[in-house]
Amino acid sequence: MPVWKRNLYVCWIGVFIAAIGMSEVAPILPLYIRHLGIQNTSLVSQLSGITFGITYLITAIFSPIWGHAADIVGRKPMILRAAIGLSIIYLLMGFVPNIYFLIALSVLQGAFTGYSTACNTLIATQTDREHVGYALGTLSTASVAGSLLGPTLSGLIEATLGLQAVFFIISGLLLIAFFITLRFVQESFVRDNKKSQGVREIWNSVPQKELTVVILITFFVMAIGLYSIEPIMTQYVSQLSPNVSHIALISGLVFSATGLSNIIAAPRLGKLSDKIGTHKVIMISLIAAGVLYIPQAFVQNPWQLLVLRFLLGFAMGGLIPSVSIMIKKITPDFLTGRIFGLNMSVGYLGVAAGAVLGGQIAGRFSFQYIFYITSALMFLNAVWVYFRVYKKWDKAILSESFEKE
């Protein structure tokens with residue numbers, strides 16, 4: 001078995017476990033904030049957005065740093081660092097006495113994240129271009145599969161063991177991910193002398209500068225749209241079913257619906273992008289997502305929302321993997337870690353902006369406006385991709401192929 005395929009399977013398991021832990025928090029975050037003494041509904045929505053978003057804001061700052069470190073010392077050490085650091089932080093979150101400590105630990109969480117980013121870089125640099133769509137598409141399903149199980153698991157844990165137990169179990173899962181990575185991931189890392197270059201020299205080494213910037217901006221807008229509803233989904237479900245018990249469990253199922261369809265779609269769309277072009281897959285996915293967000297504003301109960309979120313997952317299965325595949329195909333291997341780190345930084349900025357934006361809109365106006373705005377962002381992003389990526393992609397790939405020859 002090729003090394004890239006072995007590491008793909010091992011990283012899939014590790015990212016899956018890490019994603020379970022990471023995704024368990026979002027559905028119970030508003031409930032945990034209430035548990036810490038905040039009762040005002042609007043304030044809970046705003047604080048949920050801030051607490052959720054600040055993690056990704058700090059992550060945006062540290063992602064390029066960890067990407068740079070991965071290009072210097074290797075990707076496996078970065079995976080191990082993220083796993084053990086997050087395990088400790090989640091353990092401490094279960095003991096916080098108030099919202100201020102929770103926000104402070106969310107800041108630390110952002111500083112230590114980077115597990116899936118390092119895994120993406122490892123697989124991208126070890127996989128040949130003919131199989132990179134399949135590899136990155138498959139790896140993306142690990143995160144989605146974990147995200148599928150995590151929210152439902154958190155709902156079950158909250159219903160049986162209480163809110164704090166969710167954080168303790170996350171900590172244990174991340175510790176398991178640490179030991180799996182330590183034992184099974186193989187990396188023969190050789191530092192390239194070009195990694196000692198400065199920022200200007202590195203940027204001058206990027207062969208497709210304009211296209212790289214456009215892809216990064218596209219990922220930023222995409223992240224805003226995708227994560228504007230995430231931190232306040234539980235609040236929306238509560239509004240749809242005010243008299244139903246076990247809201248965390250129902251919200252977890254709604255979260256998980258998107259992940260289930262994403263698992264089905266991502267590997268297939270990854271293979272499809274290898275055949276027909278990544279630019280075509282991302283265009284179709286953006287338009288489909290824009291259409292599917294609109295009816296979510298008009299649902300009458302959580303089960304209608306669940307069906308629409310399930311359908312949305314098919315569109316999402318073509319978005320994030322497509323960006324990773326694009327970056328890999330136009331980026332030299334010695335720059336892959338830094339460009340992936342920069343891409344994740346931009347994405348995390350989008351997540352933070354989306355989370356805060358969604359929380360503020362829900363707190364000041366209504367939940368329905370979030371879906372309208374998110375749909376508009378998807379359509380605008382599709383137009384942007386059409387003019388700045390779609391029309392130039394084949395020419396860029398051809399040019400890159402000649403340069404490598």
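The values are calculated or read from the model by the stated rules, or taken from the named source; none is laboratory data. Nothing here was measured: the structure is a model prediction, and the numbers come from that model. Cβ sites come from the backbone with ideal geometry, for glycine too, and all protein chains shown count toward neighbours. Heads up: the accessible areas ignore ligands, DNA and RNA and are worked out on the full protein's heavy atoms, side chains in. Shrake-Rupley method; radii C 1.70, N 1.55, O 1.52, S 1.80 Å.
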Checklist outcome for this item: Note on the stretch 69-80: residues small (G, A, S) and part of a helix (DSSP H, G or I) are A69, A70
Item to check | Which listed residue is open to solvent by less than 50 Å² (accessible area, probe 1.4 Å), in contact (Cβ under 8 Å) with a residue 24 or more places away in the chain and under 25 Å from G358 (Cβ atoms), from T51, T41 | outcome: T51
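The rows are residues; the columns are (1) under 15 Å from F371 (Cβ atoms); (2) modelled with pLDDT of 85 or more; (3) not hydroxyl-bearing (S, T, Y).
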position	(1), (2), (3)
I264	no, no, yes
L272	no, no, yes
G277	no, no, yes
I284	no, yes, yes
L292	yes, yes, yes
V323	no, no, yes
K328	no, no, yes
T331	no, no, no
Next on the checklist: Among the listed residues F387, F314, identify the single one that is at pLDDT 80 or above, assigned to a helix (DSSP H, G or I), under 21 Å from L139 (Cα atoms) and open to solvent by 40 Å² or more (accessible area, probe 1.4 Å).
Outcome noted: F314
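Condition check ((1) polar (S, T, N, Q); (2) over 25 Å from L47 (Cβ atoms); (3) crowded, with 22+ Cβ neighbours inside 10 Å) across all residues:
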site	(1), (2), (3)
S228	yes, no, yes
L240	no, no, no
V254	no, no, yes
A266	no, yes, yes
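Would you tally the residues in the stretch 69-81 being small (G, A, S) and in contact (Cβ under 8 Å) with a residue 40 or more places away in the chain? Before the answer, list the steps.
Keep residues of the stretch 69-81 that are small (G, A, S), which gives 69-70, 74.
Imposing the further condition that a residue be in contact (Cβ under 8 Å) with a residue 40 or more places away in the chain reduces the set to 70, 74.
Matching residues across the stretch 69-81 total 2.
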Next on the checklist: Could you check the stretch 29-63 and list, in sequence order, the residues that are of a type in the set (G, A, S) and at negative phi?
Outcome noted: S42, S45, S48, G49, G53, A60, S63
Checklist outcome for this item: Subset of the stretch 293-323, residues under 30 Å from A135 (Cβ atoms) and of a type in the set (G, A, S), comes to G313, A315, G317, G318, S322
Item to check | For A297: the one exception among (1) of a type in the set (G, A, S); (2) within 16 Å of the chain's Cα centre (by Cα); (3) closer than 15 Å to G225 by Cβ | outcome: (2)
Item to check | Selection status of V281, under 19 Å from A382 (Cβ atoms) and not in a loop (DSSP other than H, G, I, E, B) | outcome: yes
Item to check | Residue among V307, V213 that is open to solvent by 40 Å² or more (accessible area, probe 1.4 Å), out of contact with any Leu (no Cβ under 9 Å at 6 or more places or on another chain) and more than 23 Å from V383 (Cα to Cα) | outcome: V307
Checklist entry - When you scan the stretch 329-341, how many residues do you find that are assigned to a helix (DSSP H, G or I), out of contact with any Ser or Thr (no Cβ under 7 Å at 6 or more places or on another chain) and under 25 Å from I284 (Cα atoms)? => result 1
Next on the checklist: Among the residues in the stretch 61-68, are any of a type in the set (A, V, I, L, M, F, W, C), closer than 30 Å to G363 by Cα and either touching a residue at least 40 places away in the same chain (Cβ under 8 Å) or not in a helix (DSSP H, G or I) (or both)?
Outcome noted: yes
